[in-house]
Every structure is written in structure tokens, then in C-alpha cells.
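Worksheet: one structure, shown below.
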Amino acid sequence: MTAQILDGKMIARRIEETLCAEITAFAEIVKRRPRLVVVLVGELAASASYVKSKGDAAARVGLDAEVINVPATIQTAALVAIIESIAREENAAADGILVQLPLPNHIDTLAVLDAVPPDRDVDGFHPENAGLLSQGRPRFVPCTAAGVQHMLVETGIGTAGKQAVIIGRSDTVGKPLALLLAGHGVGGDATVTLCHSRSTNLSFHTLQADILIAAVGRPGLITAGMVKRGAAVIDVGINRITGPNGNGKLVGDVDFDSVCQIAGWISPVPGGVGPLTVAMLLSNTLRAAKLRNSNG
Ligand code: GUN
């Protein structure tokens, strides 16, 4: 058996078409376009490339987007001050503010994320938004987690009553995704196991999974012997392989060639979850603009 490919690019294109129409309608009524400000600290090539993808996608759907580049040597207090000043801008006000992660090691990432006003936190990383999600009344859902759930729903992969196993307990992906899949309603109602670096006998858990999500950043972690036949396998990992045989190639956490012989569905890297993360960011930005507009 060869797995069906979960084509994130195609699903993202459909979302963009819908967003484009909604943004045009919003702009006609409000006389401005929703605006996203992205703060990029330092010069990590991967981060610069993700930020470029976000800017390109914003332009495609008619969002107004700006990238603010900040040197890697900036200190926490100064970065917090930049975010506060973006939030204070009266003209060209930002509906959505995003700080690209990871930040340099000397910066207190939580202090920086806490400085993003929760009603403009299109990443959904502010504790207020994390709390709302945990209570089942989401406002901004972290984009990758939302993208994975969207992929399952759009593909008709039912989640209700299924065993979903997530590997990786990050605040940005694993934890919010566990909440989404265990929540009530469409794309939820799953029985969720959250595995992490201290989990013992990982294969025992992964072999139970009807839906297996790998989000740890370890190339080739999931091999065919760890996957139940017919399972949906979603690969959130993005790893750049360097060295003599790698040539800078992008791979996920799943050994695609072996796992696609066992799985029922599999998401590729690139072209799987990545485009959906970007699409969810666009959607959150429109949502932020609508919320701000309705609040005066
Ligand atoms: N770096 C990798 N993924 C993300 C994301 O979803 N949001 C931000 N801000 N940074 C990231």
C-alpha cells in the first residue's frame, strides 16, 4: 500500500482564495487593509526564509505586511520596547504582530512574547490566548497546530474517537495541538497521547496511533516499524540536512520513503504542514483586524 499524500500546498491555496475575497470585502467596508507586522531578530537563514514566505503570502491575499529587521545583538528590554512602540502606532496600526522564533539565546523569549498585546497576537503565543484555548474558547490558535487540524478536517480524516499521538510538547505546536484534538467538535474528540523526549518506549505509543503527528525536529525519527497500517502520519518537522550527502535538503521527522508504504495518509516535507501554517497566520490576521474593528 502507498499512502495518499496530504497536499498542504493545495489546501493552503484554497484557503488563500477564500481569504482574498474576505479581505477585499473587509477593505471595502473599513477603507483599509488588515495589517501584519513581523519582527525578525538576527539573520538566521531559516527564519529569514519563513518570514519571506509569510510576506509573499500576505501580498497574495491582499494583506498589508511589513517586516522590521532587528540586529541579533539587541537586548530583551530594547526588543520589548520595539514591540510596545509598534502596538502604540496610531497611523498604520498593526492588526497582527508576530515575533519570528527562535530568538537569540540571550533574549528572554517569554518576556518578548508577553509584550505582544493579546488582541494582536496572531501567533497565539500570549498566555491569555493559550489560556483561552485551554478552556475551549479559542481566540488566536497557534498557526501550525491550527494548520494540522485544518489538514485533517479538509481531508476528511475523522478525529472523533480516534487515537491521536503527538510527539513533541512545545508551547508552539505539541501542547496547543493536543488541546485542539482533545477539544469538542469538528477536528476534535480524539483520545490524545502527548509524547516527549522523556517518554519511554515511543514505539509502543506510536503503534496505537490512528493519527500520528511528529513535531520534534529530529530527521528520520519515525520509521515504518513505528506506524500502524493505514494511519494518518503528519510531519511537522523541518530539518535542513547539511554535510556530505545532505546538500541542504529539507526533510521532516518522518522517514517518508519507508513510512509511505505503511501509512494511509502522509504529509510531505516540504509542501505539507508548512504552507498551512502560513495560511493560518493570514487567517488570524484578518480575524485580528475584524476584532479590532468591531471593538471601535
Ligand atoms: N518559528 C517557527 N515556527 C514559528 C511560528 O509559528 N511562529 C513564530 N513566530 N516563529 C516560528
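The values are calculated or read from the model by the stated rules, or taken from the named source; none is laboratory data. None of the values given here were measured: they were computed from a predicted structure. Positions of Cβ are backbone-derived with ideal geometry, glycine not excepted, and every protein chain shown enters the neighbour counts. Side chains are part of the model used for accessible areas, which takes the heavy atoms of the whole protein and leaves out ligands, DNA and RNA. Shrake-Rupley method; radii C 1.70, N 1.55, O 1.52, S 1.80 Å.
The three principal axes of the Cα atoms in segment 43-83 give end-to-end lengths of 34, 22, 9 Å, sorted in falling order. Within segment 94-201, the trypsin sites (Lys or Arg not before Pro) that combine a DSSP coil assignment with at most 12 other C-beta atoms in a 10 angstrom radius are Arg198. Computed on the chain, with alpha-carbon pairs under 8 angstrom and 6+ residues apart, the relative contact order is 22 percent. Under the membrane-span-like helix rule (DSSP H runs whose alpha carbons stretch at least 15 Å along the helix axis, mean Kyte-Doolittle hydropathy 1.0 or higher), the chain yields 76-88.
Any chance you could tell me what percent of the C-alpha pair distances in segment 4-81 go past 13 Å? Provide the component values of the computation, followed by the final result.
Details: 2198 of 3003 pairs.
That fraction is 73 percent.
Over all pairs of different C-alpha atoms, segment 1-139 has a mean inverse distance whose reciprocal, the Kirkwood radius, equals 16.6 Å.
Within segment 55-134, all pairs of alpha-carbon atoms sorted by distance into 5 Å bins from zero give the percentages 3, 14, 24, 25, 19, 13, 4, 0.
Roughly how many percent of the accessible protein surface of the chain is carbon and sulfur, given a 1.4 Å probe and a whole-percent answer?
Details: 7310 of 13810 Å².
Answer for the chain is 53 percent, counting heavy atoms of protein chains only.
Dividing the Cα radius of gyration of the chain by 2.2 N^0.38 Å, with N the residue count, gives 1.00. Rg/Rh, computed from the Cα trace of segment 1-48 with Rh as the Kirkwood radius, has the value 1.19.
Going through the cross-link list Lys175/Lys249; Lys31/Lys290; Lys9/Lys54; Lys9/Lys249, which pairs have a Cα-Cα distance over 24 Å in this structure?
On the way: Lys175/Lys249 28 Å; Lys31/Lys290 13 Å; Lys9/Lys54 14 Å; Lys9/Lys249 18 Å.
Beyond 24 Å between Cα atoms: Lys175/Lys249.
In the elastic network of the chain, a GNM with C-alpha springs shorter than 10 Å, the most mobile of His126, His106, His205 is His106. Each 5 Å bin from zero holds the following percent of Cα-Cα pairs in segment 52-205: 2, 8, 15, 17, 18, 15, 12, 8, 4, 1, 0, 0.
Note the full-extension length gain between Asp114 and Lys290 as 0.36 nm times their separation in residues minus their Cα-Cα distance, in nm to one decimal. Present the calculation step by step, with values, prior to reporting the outcome.
Values: separation 176, 0.36 × 176 = 63.36 nm, distance 2.20 nm.
The Asp114-Lys290 span can extend by a further 61.2 nm.
Per residue, the chain exposes an accessible area of 47 Å² to a 1.4 Å probe, with every protein chain left in place. Near Phe26, once Lys and Arg are set to +1 and Asp and Glu to -1 for all other residues with Cβ below 12 Å from its Cβ, the sum equals +3. Computed on the Cα atoms alone, the convex hull of segment 172-296 gives a volume of 140 cubic angstrom per residue. If you bin all the Cα-Cα distances of segment 234-296 at 10 Å, starting from zero, the percentages per bin are 20, 32, 23, 15, 9, 2.
Within the straight-line cut-off of under 16 Å between alpha carbons, the aspartates and glutamates reachable from Lys162 are Asp189, Asp210, sequence neighbours fewer than 8 places apart in one chain being disregarded.
Using a simple charge model, +1 on the beta-carbon of Lys and Arg, -1 on the beta-carbon of Asp and Glu, nothing else, what dipole does the chain show about its Cα centre, in debye to the nearest 20?
On the way: 26 positive and 27 negative charges, 73 e Å.
With only Lys, Arg, Asp and Glu charged at Cβ, the dipole is about 340 debye.
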